[in-house]
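Coordinate-derived values only; no laboratory data. Nothing here was measured: the structure is a model prediction, and the numbers come from that model. Cβ placement follows ideal geometry from the backbone for every residue including glycine, while neighbour counts extend to all protein chains displayed.
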Amino acid sequence: MARGRSSAGTRGSAQPGAAATRREVAQGARRSLVPLVERMGPPVSRLPWSPDFVVQSLEILSLCQRDGALRWLKPVHADSLRVGLPRGVAPGDFVVEVVGWYPLAPRLVHSTSWRSEEGTVVLTYAVVVDPPVALPPDSLFELPVERAALARGGSVSAPARIAVAAIIEHALRHLSWLVSDDPAVATVLSDWRDLLAPYQPEPFRALG
């Protein structure tokens, strides 16, 4: 009993000092995180990855041209930029929000394909952006776009594997079709016509 009373009394007398120490530690931790956040760049989503909050996954392929060549912006630590789509949010609007985190200036936002992957619907958006002057460290970096064969499945089955290069290829074929068929796209991508000319136009189709 004495041990219990002594322990309780010790906790009570030490509590104010302990609380102050915890506040100081928390404040110091927040200060130490500031340069880390600045170095890491923007978040990849504004909600936790959970089936309770995410109805599908958005894949964002940011494309630009530099020195007369097509380029795309790849995440440093992932094959492509993927974010969860919050329930009740329009996918296109959320894509615009996400590219603004970096920050990138979108000229065209258009869904080009979808596929099923590990039980999740992945909706791919091609986003034509102005060439970035600078990007947050350890976020995205530019790569040249290389031609690739499209992923093909069976008559009633999806491809076994779909590489990002094939998804970009399909997206550019889609844009090549749109630049000749859609007046709005033709206007905003008037300076892309020559770059898109080698890509055989192909309308929207499911990749799997």
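Listing for the model above:
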{"quantity": "Amide H contacts under 5 Å for Phe141, placed H, 5+ residues apart", "calculated": "Lys74, Val76"}
{"quantity": "Dipole magnitude of the stretch 54-196 about its Cα centre (Cβ charges: Lys, Arg +1; Asp, Glu -1), debye to nearest 20", "calculated": "280"}
{"quantity": "Anisotropy class of the stretch 64-208 from Cα gyration tensor, a/c 1.5 cut", "calculated": "rounded"}
{"quantity": "Thr120, Thr187 arranged by Cβ crowding within 10 Å, fewest neighbours leading", "calculated": "Thr187, Thr120"}
{"quantity": "Gln56 long-range amide H proximity, modeled H, under 5 Å", "calculated": "Leu85"}
{"quantity": "Fully extended contour minus Cα-Cα distance, from Ala186 to Arg87, at 0.36 nm per residue", "calculated": "32.4 nm"}
{"quantity": "Rounded FRET efficiency, nearest 0.05, which uses the C-beta distance separating Arg193 from Arg152 and R0 of 30 Å", "calculated": "0.60"}
{"quantity": "Exposure proxy order (Cβ contacts within 10 Å, fewest to most) of Ser155, Ser190, Ser176", "calculated": "Ser155, Ser190, Ser176"}
{"quantity": "Hz values of 3J(HN,Hα) by residue in the stretch 156-170 - Karplus curve (6.51, -1.76, 1.60), Gly and Pro given as x", "calculated": "10, 9, 7, x, 5, 8, 10, 7, 4, 4, 5, 5, 5, 4, 5"}
{"quantity": "Protection proxy ranking of 142-150, 77-85 - average other beta-carbon atoms within 10 Å, highest first", "calculated": "77-85, 142-150"}
{"quantity": "Contact order normalised by residue count of the stretch 54-196, Cα under 8 Å, 6+ apart, percent", "calculated": "26"}
{"quantity": "Order of Asp194, Asp138 under a 10 Å beta carbon neighbour criterion, fewest first", "calculated": "Asp194, Asp138"}
{"quantity": "Cα-projected label distance for Trp101 with Asp67, points at 7 Å along beta-carbon direction, nm", "calculated": "3.0"}
